[in-house]
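Asker: Sharing a structure below in structure tokens format, with a few things to ask.
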Amino acid sequence: MTEKAGEVILIDRNHYHQLLQEIHLVAAGFRTANEVKIPILTLIDRINIKFIQSAVKKIMPDKNLVALESTEINYDLLIVCLGASTKYFNIKGARENTLPLRSITDASLIYDKVSALIKSNKKHNIVIVGGGATGVSLGGALSDFINESKKKSDRLSITIIEALPTILSGWDERLVKKVNEVLHEKEIRIMTSSAVARVENEGDGGDGSSIYFIHSDSKIHSSLTIWTAGVKGYDIPISPVVEKTKDGKIILNEFCQIGRYPNIFSIGDIAAVKYENGKLYPPLAQIAVREAKYLSKLIPKYITTDRVDLNSLPLDEKFEYNIKVQLISLGNDDYVGLFNTHVISGSLAKLVEEFSMSAYIKTLKSGGGDVMNTSLYGDDIFSHLVSGITFARFTFMKWLEKKT
């Protein structure tokens, strides 16, 4: 976003960046809130970026204007990456009687609630509604938290409820099979093809709920219900309105642009970008990072010394990316992944996860200037070569750490 030639303005309601990939570990006590926060000012201290901490209230494309809580900002180019919020599917009682997991604050609240259940002498069932990546990762982490607590017992159980016939819908079947095996070993109950009809409160503050199902008269009791059943694009008013999906994502062209407003781009969970086959790219961190890298190369081509020129598009530079690695956390030290068509788990999967997270953080802190780590997000031969070398170096350093 620019207010004058050469000025880049970053706006966020928080003063920190959240490592959302790890907030399920905060909910289970394996990370502190501070460990998954990176102050924004430390990320941009060597870059010519102006930071404004404020919530965005409205975007007015016809005026090239963004309204904040206390002021308005004009822009020449705008990139909307506000992320996603929890989707409740209009299910009665879901919003009121469950806890979401979309932020560090949410994770900290879940940790407090689960800690209280662990200290209780009563039998409790923790229910996670939603068998996508967030729900599955949270279930695995909470199982480890319960089993490693000083009062380890069988009084606490975990149930994951999924409306579709399988957890991790859309993921590789081989990986899903392995994930099911790991969750079974952790004694997590999985209920698939179980669409929730309503959630009724039997206690206070989201505790003590009864969950009813659409296709049966049955119900289950939950001492704590956590909602991870879906996400929708962050609800930001845009006037005049732009086309969005049913989930509130902004519909974009192949250049991550709004068709009617070519000076507005969008990436991340709020962006609806399509594969060539018409399907949307999934809401994954690796997709958002690659979209960001794509725009970092595309946008400078529009900017001349004194103006922004959007009249000609580089038609051979559409956003394209093929997901080659799928990796999911199933607890404090448990990971399962698909790497070069092979299912990996155990120490190898953990090593790949540690490498990916390390590269991601170094990319953030270098402002995208760390070639060795930003190459991980490239899709060309050079990037693949450099990524291989970087991974080999990372593996060697980990081996040295264990030897010393």
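Asker: Could you grab me the full set of residues in the stretch 267-280 that are part of a loop (DSSP other than H, G, I, E, B) and within 13 Å of the chain's Cα centre (by Cα)?
Answerer: Listed by number, the list holds a single entry, 267.
Asker: For the stretch 136-153, what are the residues that are of a type outside the set (A, V, I, L, M) and either under 26 Å from the mean Cα position of the chain (by Cα) or closer than 29 Å to residue 283 by Cα (or both)? Show your work before the answer.
Answerer: Kept after step one, since they are of a type outside the set (A, V, I, L, M), are these residues of the stretch 136-153: 137, 139-140, 143-145, 147-153.
Result: 137, 139, 140, 143, 144, 145.
Asker: Scan the stretch 50-66 for residues that are over 13 Å from residue 12 (Cα atoms) and not charged (D, E, K, R) and report the count.
Answerer: Matching residues across the stretch 50-66 total 5.
Asker: Which of the residues spanning the stretch 264-294 are among the acidic types (Asp, Glu) and touching a Pro at 6+ places or on another chain (Cβ under 9 Å)?
Answerer: Answer for the stretch 264-294, where residues must be among the acidic types (Asp, Glu) and touching a Pro at 6+ places or on another chain (Cβ under 9 Å): just 269.
Quick grid of which residues meet (1) part of a loop (DSSP other than H, G, I, E, B); (2) touching a Phe, Trp or Tyr at 6+ places or on another chain (Cβ under 6 Å); (3) of a type outside the set (Gly, Ala, Ser):
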site	(1), (2), (3)
107	no, no, no
111	no, no, yes
114	no, no, yes
118	no, no, yes
131	yes, no, no
136	no, no, yes
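Asker: Taking the options 97, 34, name whichever one is buried (at least 19 other Cβ atoms within 10 Å of the Cβ), out of contact with any His (no Cβ under 6 Å at 6 or more places or on another chain) and over 30 Å from residue 252 (Cβ atoms). Break it down stepwise before answering.
Answerer: Numbers: 34 fails: buried (at least 19 other Cβ atoms within 10 Å of the Cβ).
Step by step, each of 97, 34 is checked, and only 97 is buried (at least 19 other Cβ atoms within 10 Å of the Cβ), out of contact with any His (no Cβ under 6 Å at 6 or more places or on another chain) and over 30 Å from residue 252 (Cβ atoms).
Asker: Also: Would you mind stating whether residue 249 is of a type in the set (D, E, K, R), in contact with a strand residue (DSSP E or B) (Cβ under 9 Å, 6 or more places away or on another chain) and buried (at least 18 other Cβ atoms within 10 Å of the Cβ)?
Answerer: yes
Asker: Still on this model: Can you work out which of the residues in the stretch 136-151 that are surrounded by 24 or more Cβ atoms within 10 Å (Cβ to Cβ) and hydroxyl-bearing (Ser, Thr, Tyr) is nearest to residue 326 (Cα to Cα)?
Answerer: 137
Asker: Still on this structure, please answer the following. Give me the pairs: first residue in the stretch 228-256 and closer than 26 Å to residue 91 by Cα, second residue part of a loop (DSSP other than H, G, I, E, B) and among the basic types (Lys, Arg), beta-carbon distance under 6 Å, and six or more apart or on different chains, which are they?
Answerer: Close Cβ pairs (under 6 Å, with a partner that is part of a loop (DSSP other than H, G, I, E, B) and among the basic types (Lys, Arg)) amount to 230/87; 231/87; 232/87; 233/249.
Asker: Starting from residues that are surrounded by fewer than 20 Cβ atoms within 10 Å (Cβ to Cβ) and β-branched (Val, Ile, Thr), keep the ones in the stretch 152-175 and report whichever is farthest from residue 345 (Cα to Cα).
Answerer: Ranking the qualifying residues of the stretch 152-175, first place goes to 159.
Asker: Which residue is surrounded by the fewest Cβ atoms within 10 Å (Cβ to Cβ), if the candidates are limited to the stretch 68-84 and must be under 13 Å from residue 13 (Cα atoms) and not acidic (Asp, Glu)?
Answerer: Among residues in the stretch 68-84 that are under 13 Å from residue 13 (Cα atoms) and not acidic (Asp, Glu), the one surrounded by the fewest Cβ atoms within 10 Å (Cβ to Cβ) is 70.
Asker: While we're looking at this one, here's another question. From the list 264, 226, pick out the single residue that is part of a strand (DSSP E or B), farther than 29 Å from residue 23 by Cα and either acidic (Asp, Glu) or touching a helix residue (DSSP H, G or I) at 6+ places or on another chain (Cβ under 8 Å) (or both). Reasoning before the result, please.
Answerer: Numbers: 226 fails: farther than 29 Å from residue 23 by Cα.
Answer to the check: 264.
Asker: If you check 234, 261, 281, 212, which single one turns out to be in contact with a Leu (Cβ under 7 Å, 6 or more places away or on another chain) and at pLDDT 90 or above?
Answerer: Going through 234, 261, 281, 212 in turn, the sole match is 234.
Asker: Can you find, within the stretch 103-135, the residue that is nearest to the chain's Cα centre (by Cα) among those that are surrounded by fewer than 20 Cβ atoms within 10 Å (Cβ to Cβ) and within 19 Å of residue 34 (Cβ to Cβ)?
Answerer: Among those residues, the one meeting the criterion is 103.
Asker: Residues that are out of contact with any helix residue (DSSP H, G or I) (no Cβ under 7 Å at 6 or more places or on another chain) and closer than 24 Å to residue 220 by Cα: does the stretch 68-77 have at least one?
Answerer: No, because not a single residue in the stretch 68-77 is out of contact with any helix residue (DSSP H, G or I) (no Cβ under 7 Å at 6 or more places or on another chain) and closer than 24 Å to residue 220 by Cα.
The values are calculated or read from the model by the stated rules, or taken from the named source; none is laboratory data. None of these values were measured; they are calculated from a predicted model. FYI the Cβ positions are ideal-geometry reconstructions off the backbone, even for glycines, and counts take in every protein chain you see.
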